[in-house]
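One structure is given below, encoded as structure tokens.
Laboratory data are not the source of any read-out in this text; all were calculated from the coordinates shown. Just so it is clear, the model here is predicted, and its values are computed rather than measured. Here the Cβ positions follow ideal geometry from the backbone for every residue, glycine too, while neighbour counts run over all protein chains shown.
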Amino acid sequence: MSAPASPSSAESAALSAQCPACSLHALVPVHLRSDRPHHWRQTPQPVAGGMTLDTCPVCFGVWLDAGEIDALGDAEIDPAFLKTLVGQSANRMCPRGHGFMMEHLLPGLLRTPIDRCPRCKGLWLDGYERHALARSSTREGQEDQAVQLARRGLIWAAQLLTHLPIEVENPARGTPWAVYGLCALLVGMYILSVEGVLFAREWAMVAGQVVREPIHAYTLFTHAFFHADWFHLLGNLYFLYVFGDNVEHLFGRRRFLLLFVGGALVGGVLQLLLSRATAAPVIGASGAIAGVTAAYLWIFPRARLLQTIPFIYIQVKIPAWVYLGVWIGFQAVMAFFSDAIQFAWFSHLGGFLHGLVLTPWVLRWRRKQVAAQVRFKSAAAIFGRLPKPRPRPAAPH
Ligand SMILES: [Zn+2]
Ligand SMILES: [Zn+2]
């Protein structure tokens, strides 16, 4: 951020650095003016009394120069609080060219890390972090411990039962309509097949059958829309939602659908070519969703997932690249060495490969698109909505 009031200061010069978080785009200036407290509106040009932020149009991170978090007029953030944070070396560079920043863990129970440059004291906040900072730096936020503890306990209990990871640091920005649409379609198809309106067996892919009668090639596509049981369906819907919302935001709706459908097709073809289980019918959206997870891995390798480790029952945050890397590695090993033919290992591998190939192309397009037209609807698009201050309880004395 650079304050127009002091243009002579070197630290307030406009930035022309690459985003330190996602490295997908150079930081762009966004000019804001304040109508009333807590409310900032974007203006086409810098205005007197306003401010200019350097933001990433891809991941919505924001760079704040020293002291300017106060200038933001954000009464809820206690500047003294920042000084109390102890940091460790981060692997992100200060956009002002001071080398590596320090990572500070916010004191909430989920311990959100934020990045701060030890030399210029500038702050880098990821899209979601400003919210967490506002929360943990206020007395109101810190008093929420009991509620937070209960929530964390609930997640822990749910994870013991389901072993599903929870994405706590990468919320969707915007409504993922393609994800919702696909989820509704998958549920609809499942209900139709349970009710006997459609027979899943007719739409399932059987490798041997497609080879003998190429007319069944349509099943390379249709198998992805049917599921064997509720458990299978709910698992797939969960992963589609967790990873799909962020991916759709960057891909856009049409490209996201291309990712999904292409993943189903490539997965089907790879299963057809490589699987020894030529008589086993294959159904399920897992191959298509593997493509979505590959895109997520490519774009957000550092996003962390909260997971309870089986058998030792400890909750840890695992980076997406570790979680998805282990998952796809397991798929690859099983595909080539396992006799468990009831799982379509090659379809997962195929969908994943499709995602890995498609994502760099989409990112290149996205970069061009962003360079051509940067638009933020409002400062809220960058900051998210801050929690409303709750009335403080009366002092006991
Ligand atoms: Zn970025
Ligand atoms: Zn710096």
Inset, instruction - Round to the nearest 0.05 the FRET efficiency obtained for PHE336 and SER23 when R0 = 30 Å and r is the Cβ-Cβ distance. - result: 0.35
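Write down the Kirkwood hydrodynamic radius of the range 17-57, to one decimal in angstroms, obtained as one divided by the mean of 1/r over all alpha carbon pairs. Could the numbers behind the result be given before it?
On the way: mean 1/r = 0.0902 Å⁻¹.
It is 11.1 Å.
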Legend entry - Equivalent ellipsoid dimensions for the range 306-371 as semi-axes, Å, which come from the Cα gyration tensor, largest first: 29, 22, 7
Legend entry - Whole-Å semi-axes of the ellipsoid equivalent to the range 163-372 (Cα gyration tensor, √5λ, descending): 27, 20, 18
Legend entry - Spin-label model distance (nm) - VAL261 vs LYS368, 7 Å beyond Cα toward Cβ: 2.1 nm
Legend entry - Extension gain (nm, one decimal) between HIS98 and VAL147, 0.36 nm per residue minus Cα-Cα: 13.7 nm
Inset, instruction - Just subtract the alpha-carbon distance of VAL211 and ALA184 from 0.36 nm times their residue separation and send over the number in nm, one decimal. - result: 6.5 nm
Legend entry - Summed side-chain charge close to GLN18 - residues other than GLN18 whose Cβ falls under 13 Å, Lys, Arg +1, Asp, Glu -1: +2
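Could you compute the net charge surrounding ARG302? Neighbours are other residues with a C-beta less than 14 Å from the C-beta of ARG302; K and R count +1, D and E count -1.
Numbers: positive: ARG92, ARG304, LYS317; negative: GLU103, ASP115, ASP126, GLU129, GLU167, GLU169.
Neighbour charge sum, excluding ARG302 itself: -3.
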Inset, instruction - Express in nm, to one decimal, how much length is gained between ARG253 and ILE309 on full extension, taking 0.36 nm for each residue of separation and deducting their alpha carbon distance. - result: 16.7 nm
Inset, instruction - Lys and Arg at +1, Asp and Glu at -1: add these up for the other residues within a Cβ distance under 9 Å of ASP126 and post the number. - result: -2
Inset, instruction - Taking only the C-alpha atoms, wrap a convex hull around the range 185-284 and report its volume per residue in Å³ as a whole number. - result: 106 Å³
Legend entry - Built amide H within the under 5 Å cut-off of ALA26, gap 5+: CYS19
Inset, instruction - Rounded to whole Hz and in sequence order, give me ³J(HN,Hα) for the range 308-318 from the Karplus expression 6.51 cos²θ - 1.76 cosθ + 1.60, θ = phi - 60°, writing x for Gly and Pro. - result: 8, 6, x, 6, 9, 6, 9, 8, 9, 9, 10
